[in-house]
1. Restricted to the range 135-185, and to residues that are in a loop (DSSP other than H, G, I, E, B) and free of Cβ contacts under 8 Å to residues at least 60 places away in the same chain, which residue is surrounded by the most Cβ atoms within 10 Å (Cβ to Cβ)?
2. Please give the number of the condition Asp200 fails out of (1) under 23 Å from Tyr349 (Cβ atoms); (2) surrounded by fewer than 18 Cβ atoms within 10 Å (Cβ to Cβ); (3) charged (D, E, K, R); (4) in contact with a Lys or Arg (Cβ under 7 Å, 6 or more places away or on another chain).
3. Condition (residue is in contact with a strand residue (DSSP E or B) (Cβ under 8 Å, 6 or more places away or on another chain) and basic (Lys, Arg)) applied to the range 305-327: is it met by at least one residue?
4. Report yes if Ala258 is over 30 Å from Ile73 (Cβ atoms), assigned to a loop (DSSP other than H, G, I, E, B) and assigned by TED's automatic domain parsing to the domain that holds Gln324, otherwise no.
5. Evaluate the following for Pro74: is it in the same structural domain as Leu140 (by TED's automatic domain parsing) and at pLDDT below 90?
6. Spot the failing condition for Thr152; the list is (1) of a type in the set (Ser, Thr, Tyr); (2) closer than 30 Å to Thr254 by Cα; (3) at pLDDT 95 or above, and only one is missed.
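The values are calculated or read from the model by the stated rules, or taken from the named source; none is laboratory data. These numbers come from a predicted model, not from an experiment. Cβ: placed from backbone, ideal geometry, glycine included. Neighbour counts: every protein chain shown.
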Amino acid sequence: MKRANFRIFLWVFLGALAVVWFENQVLAASVFDGVPRAVRLPDSTKEDEVTLLPLDLGGKSFTLSLLGGETAIPQKAGAKKKKDEEGGAAALTGYTLTGEGPNCWKIKYNLEGREATCVTLTHDGKKLNFKWRTKVPQNLLLPIANCVLKFTCGPDKHYLALRETVKIENIMLNRKTGAGMFKTEKLDYPLPDPETVFFDLQSLGPHKRGEANVILPPVKKASDLSSREPLKIQFKFKDSNGNTKNPFNLNIKTMIAAVIEVSIEPPLTDAKMYSMMFRQAQDPQIDIVLHKNRSEINNINRKLKKQKAWKRSAKDTNKISQLQTVNWTYEQLRALAKWEAKLRVYINYGETQVNVLETQPLTAEQKAARQEKPKPIKRMEKGAPPPKEIEFKF
């Protein structure tokens, strides 16, 4: 009898848990589930009404608003400064969205105080329709892609990007030069005010922002990027003496305009030595040097252990530090040849973000093609100084 009662209790308990779980799932569901998060705008040279996206909310009403309209069109150089100095309105203040009756909205631009309709949006209960007004110049239509439509239905919100993300392979460094880059084709739509566009190096191999050994640069506005002051990836480690070493850095050069170009490369002053060391790191012969260095470190440590602290020579501890620096650097450079750099360029709207560009992992075939081994280096001990003798001044 007790066993039967326990089974009844257990089934009732599990049933109650299932009901709570189901209710939570229902509560968590949004009326916008399944609605696309990004669309490609139709041909702006045609004035036909087309379906922008399916939008069936089961008869529920919603409100529509526009994000990014004030910054969608980048101002010409000096326009903002002139506006601030004169206290007047800029010639072009951007886009606004206005309701024009039930389930009808218009996107307008303001030019010298005059408004003109660019787009008409309508909702027929099943889909959101879109229609250009082609009398408006193209240079005032295309930047609408820099806006986001925000749908609100009760507590639920949905953001619709009006441009699709450009996707390209992650950067992988060339095994001969130790540098890597990509350049997109011309973007379909111009970018907005550079104050709202951001560059984000998300990871380099297994390393992400906030780590101590491989220090990735912070997220930067496009307006703050400069070829004269490139972003840096810093490589640091602590030797056995507790000293932090910075054997080398890599520069990130970016151009974010009609095309997006990103390169990861050594500083110009160190390019020749870096490239030589990068190639050496991929050569199996370097293992001989690394093993020899480790043996020398062990020998010095054994010697120091036999000595009293006050008798120990700074020359010995410095030698250990130097050898550790060399080994760590070559190990990093070897690993670096296998790492991918993942990054994105996005527009920040405050309450949401839209990726303009996002890199994707390489396929196994792409990796294999890019990791083709360089030709073996002839006798590293000849020509340039042996790797263990290199002094790092990066």
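1. Val136
2. It fails just one condition, (2).
3. No, there is no match, as no residue in the range 305-327 is in contact with a strand residue (DSSP E or B) (Cβ under 8 Å, 6 or more places away or on another chain) and basic (Lys, Arg).
4. no
5. yes
6. Only one criterion in (1) of a type in the set (Ser, Thr, Tyr); (2) closer than 30 Å to Thr254 by Cα; (3) at pLDDT 95 or above is unmet by Thr152, namely (2).
Table: residues versus (1) of a type in the set (Lys, Arg); (2) touching a helix residue (DSSP H, G or I) at 6+ places or on another chain (Cβ under 9 Å); (3) surrounded by fewer than 20 Cβ atoms within 10 Å (Cβ to Cβ); (4) touching a residue at least 40 places away in the same chain (Cβ under 8 Å).
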| site | (1), (2), (3), (4) |
| --- | --- |
| Ile256 | no, yes, no, yes |
| Pro266 | no, yes, no, yes |
| Phe278 | no, yes, no, yes |
| Gln285 | no, no, yes, yes |
| Ile297 | no, yes, yes, no |
| Asn301 | no, yes, yes, no |
